[in-house]
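K.L.:
Okay, handing you the structure first.
The values are calculated or read from the model by the stated rules, or taken from the named source; none is laboratory data. Model, not experiment: these values are computed from the prediction. Heads up, the Cβs are rebuilt from the backbone with ideal geometry, glycines too, and the neighbour counts pull from every protein chain shown. Each accessible area value is taken on the protein alone, full model and side chains, heavy atoms only, with ligands, DNA and RNA left out. Shrake-Rupley method; radii C 1.70, N 1.55, O 1.52, S 1.80 Å.
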Amino acid sequence: MLSFMPRSALVTLLAIAFVSGAVAAWSAGPGSGSAEAEPQGIHKIQHVVVIMMENRSFDEYFGTYPGADGLPRDSEGKFTVCLPDARTTHCRSPYHDRSNDNAGARHDMIAANLAINHGAMDGFVRVSQETPRQCEPVGDPKCLPTAPPDVMGYHNGKDLPNYWKYARNFVLQDHMFSPVNSWSLPSHLYMVSGWSALCSRRDDPMSCRNEPSPGGPLVARLHLQNRLNFAWTDITDLLHVHQVSWRYYARPTTPYIWNTLPYSSDVRLNHQLGNIQPLTNFYRDARRGRLPHVSWVILRHTDHPPELISKGQTAVTTAINTVMRSPNWKSSAIFLAWDDWGGFYDHVKPPVVDGNGYGLRVPALVISPYAKKGYVDHQTLSFDAYLKFIEDDFLGGDRLDPKTDGRPDPRPDVRENAATLGDIGRDFNFHQAPRKPMLLPRHPKTDLITTFIPGHTNKPPNPP
């Protein structure tokens, strides 16, 4: 029949067939076989969305969540921990903190080691009282270095209704550890590369040397001089090689400590700087059903103390609702986590996998139409597990391994292969029908009370 068609009609038909096939193949995704093949198992996830928030410990947000490894209690429900208080003759126990604005405490590697105290987990109050909070020159404009210690406070489901609803209806991970025993910058570096380092020569990964707590005047000066260069291999290079789409969504004003990819040699040399996009494009791409295979999202409100918790919860809910309304929802997995503990108390001693980490526990959730319902995942995890999931889903199991990735660097280990690291794939049931969206109110009713607003004269109260 085609031989009798006008030439213009035949060309149009073939063009439509080509485009349709291309769209079908892209939708099926890497590793799924032919365009007609239905993705199986982990490959049903064609859109991984990592939303990274800031500076909260697991016990602060989910320490009283039923079934989770939360704040230690006795048989009568009374807390069994009480940390030394150098300023009084008393100790400090966990208390319900209804404050919408928290202060937290210093949270670099020095502070982490003092708080962990060789596994005793009893130095959090001491750090908040005796160590200046070290307000970062970027990303921390509302820092409260003199605020009364509130690191033993916790929030419950009435304070954080949407976070707890996500936990009850999807997956809560109660042993998610920050990948590095330090602060935001190295955590964000680990999130995209599995390592934290500083490099002495531009674009030379072999000039990079392990640095688990980069910061201070040196890094700030390198940034101001436009000489900050993360030259070692990150996951975007493997995504580029495998032709897997990715984007990093953040506001143009997002500081480099939360947006490291503009300084990545891989991103620049692969001509992919255009994949770093304004946050507004995330909402546009989701609404249009054009999310990439892998995306990282840094929201306008990140929960970074003393920002109002309610603002962070609204920002997260808005982002998740947008994905749930998207044509991409049925093939998406949202990984929501907080980058470090922010100085807040957590009772679980972090496992040691190398000289860099793990760091302290942070809240983490998996939200997907294939996520198990109301499941508490007790596996030992870190952000390395996100990389592992992406590699298994889209890259055929290729790892950020300097022996195999074609771009050697001197990283101390391949974190995705750590024996202690769990598998996020266990948080899914790929045999179930895709679950419908669970849209939540952007401004839910909470029991939070705003006690301090930066720029006003009122001060935060002393905790019990």
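K.L.:
Can you give me the number of residues within the range 291-324 that are open to solvent by 30 Å² or more (accessible area, probe 1.4 Å) and either under 18 Å from residue 255 (Cα atoms) or free of Cβ contacts under 8 Å to residues at least 12 places away in the same chain (or both)?
P.N.:
4
K.L.:
Within the range 198-211, is even one residue farther than 22 Å from residue 355 by Cα, open to solvent by 20 Å² or more (accessible area, probe 1.4 Å) and small (Gly, Ala, Ser)?
P.N.:
no
K.L.:
Which residues, counting only those in the range 153-188, are in contact with a strand residue (DSSP E or B) (Cβ under 9 Å, 6 or more places away or on another chain) and of a type in the set (S, T, N, Q)?
P.N.:
Residues satisfying the conditions are 156, 169, 173, 178, 181, 182, 187.
K.L.:
While we're here: Test residue 124 against the criterion of being of a type outside the set (Val, Ile, Thr) and in contact with a Lys or Arg (Cβ under 6 Å, 6 or more places away or on another chain), and give yes or no.
P.N.:
Criteria not met by residue 124.
K.L.:
Which residue is modelled with the lowest pLDDT, if the candidates are limited to the range 141-161 and must be surrounded by 21 or more Cβ atoms within 10 Å (Cβ to Cβ) and within 22 Å of the chain's Cα centre (by Cα)?
P.N.:
My answer is 151.
K.L.:
Another question about this same structure. Whether any residue in the range 283-290 is in contact with a strand residue (DSSP E or B) (Cβ under 6 Å, 6 or more places away or on another chain) and part of a helix (DSSP H, G or I) is what I want to check.
P.N.:
No, because not a single residue in the range 283-290 is in contact with a strand residue (DSSP E or B) (Cβ under 6 Å, 6 or more places away or on another chain) and part of a helix (DSSP H, G or I).
K.L.:
Then there's this: Please pick out the residue among 282, 230 that is more than 19 Å from the chain's Cα centre (by Cα), surrounded by 17 or more Cβ atoms within 10 Å (Cβ to Cβ) and of a type in the set (Phe, Trp, Tyr).
P.N.:
230 is the lone residue from the list that is more than 19 Å from the chain's Cα centre (by Cα), surrounded by 17 or more Cβ atoms within 10 Å (Cβ to Cβ) and of a type in the set (Phe, Trp, Tyr).
K.L.:
Moving on to the next point. Just checking, which of 345, 358 is within 24 Å of residue 450 (Cβ to Cβ), in contact (Cβ under 8 Å) with a residue 40 or more places away in the chain and crowded, with 24+ Cβ neighbours inside 10 Å?
P.N.:
Criteria check complete, one pass: 345.
K.L.:
Next up: So is residue 445 assigned to a loop (DSSP other than H, G, I, E, B), modelled with pLDDT of 95 or more, open to solvent by 30 Å² or more (accessible area, probe 1.4 Å) and under 30 Å from residue 92 (Cα atoms) or not?
P.N.:
Yes; evaluated as a whole, the condition is true for this residue.
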